[in-house]
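What follows is a single structure, written as structure tokens, with notes after it.
The values are calculated or read from the model by the stated rules, or taken from the named source; none is laboratory data. The structure displayed is predicted, hence computed values, not measured ones. Note: ideal-geometry Cβ built from the backbone for every residue, glycine included; neighbour counts use all protein chains shown. Areas reflect the complete protein model, heavy atoms only, side chains present, ligands, DNA and RNA absent. Shrake-Rupley method; radii C 1.70, N 1.55, O 1.52, S 1.80 Å.
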Amino acid sequence: PAALGFGSPGPGRYPELGGFRADATVLLDVAVGLLGAALWVAPFLLRDDLRPTEAGFDASVPFGAGGVGLALGLRAIGYSAVTPFVEEHFVRSWLIRFAEVWNTRGDFRKVPIAHFTWPSFLVTTAYFVFTHQRWEWGVMLAWTLLTMAWFYRRRHIVPLIAVHAVTNGAIFAFVLLCDGRFRDASGAPLSLWFLL
């Protein structure tokens with residue numbers, strides 16, 4: 001675990017990852033991640049008017065028809081591993097704490113992880129929502145409120161990286177397994193690639 005940065009932080013490591021000890025509660029992190037995926041996907045399956053009109057991810061574009069597997073693999077790694085790690089560090093490690101001290105020029109590193117204030121909560125929520133496409137704002141708001149509540153309960157960034165990774169991984173798996181299995185209001189098979 002220390003090699004992954006979960007032990008005592010040293011120079012060049014992420015101190016926010018230190019001190020986390022996995023236990024049975026990790027199963028609840030997985031459950032919250034799966035609930036987040038369901039909150040994200042369900043509205044688009046139930047209502048045609050919520051889905052975007054533009055086409056979604058096309059795995060044949062980056063490397064051609066012969067490179068679909070490679071494109072999907074890279075997309076899965078970025079979506080399920082890189083994005084959760086980077087975004088959680090940026091938002092729930094830096095932004096949420098910086099929002100507490102920006103007007104005092106204080107050191108954000110002195111603010112404890114998952115310390116609640118209304119300004120930091122609202123800034124973080126706004127960031128998550130408005131950095132997504134307009135058609136995603138409703139589901140992003142629901143996902144953000146769920147994960148912020150879990151963040152304040154868990155009080156550590158590692159569980160939120162796990163929640164985010166499970167949500168994204170579950171959405172990715174759902175698209176791969178269920179694309180074309182649902183129908184829109186006209187009865188046509190529904191492409192789910194817009195979710196990615």
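Worth a mention:
- For the chain, the residue among Leu95, Pro15, Leu122 whose Cα projects farthest onto the positive side of the dipole built from Cβ charges is Pro15.
- Helix 137-154 and the longest principal axis of the Cα set of the chain meet at an angle near 40°.
- From the C-alpha gyration tensor of segment 145-196, square roots of 5λ in Å: 32, 12, 6
- Heavy-atom SASA rank of Trp40, Trp102, Trp135 (probe 1.4 Å, accessible area, largest first): Trp102, Trp135, Trp40
- Taking the average, over residues, of other Cβ atoms within 10 Å as the packing measure, peptides 42-50, 93-101 rank 93-101, 42-50 from highest down.
- In Hz, Karplus ³J(HN,Hα) per residue of segment 120-127 (6.51, -1.76, 1.60; θ = phi - 60°; x = Gly, Pro): 5, 4, 5, 4, 5, 4, 4, 4
- J(HN,Hα) series, segment 72-83, from Karplus relation 6.51 cos²θ - 1.76 cosθ + 1.60, nearest Hz, glycine and proline x: 5, x, 5, 5, 5, 5, x, 6, 9, 10, 5, 4
- Close amide-amide hydrogen proximity is noted between Phe182 and Leu190, each under 5 Å apart and 5 or more residues distant or on a separate chain (H modeled in the peptide plane; Pro and chain starts excluded).
- Separation of alpha-carbon centers, segment 47-103 and segment 156-196, rounded to whole Å: 12
- Note, ³J(HN,Hα) from phi for segment 23-36, Karplus 6.51, -1.76, 1.60, rounded to Hz, x at Gly and Pro: 8, 5, 5, 4, 5, 5, 4, 4, 4, 5, x, 5, 4, x
- Under 13 Å from a label point set 7 Å out along the Cα-to-Cβ vector of Tyr152, the amide N atoms of segment 83-122 belong to 114-122.
- Mean separation of Cα contacts under 8 Å, 6 or more apart, over the residue count of segment 119-196: relative contact order %: 16
- For Rg and Dmax of the Cα atoms in Å, computed directly from the structure shown, the correct entry in (1) 16.3, 50; (2) 18.4, 58; (3) 18.6, 62 is (2).
- Ellipticity estimate at 222 nm from DSSP helix runs (n ≥ 4, -39,500 (n - 2.57)) divided over the chain, nearest 500: -15500 deg cm²/dmol
- Semi-axis lengths (Å, descending) of the ellipsoid that matches the C-alpha gyration tensor of segment 117-184: 26, 16, 8
- Each Lys and Arg contributes +1 and each Asp and Glu -1, all at the Cβ; summed about the Cα centre of the chain, the dipole is approximately 560 debye.
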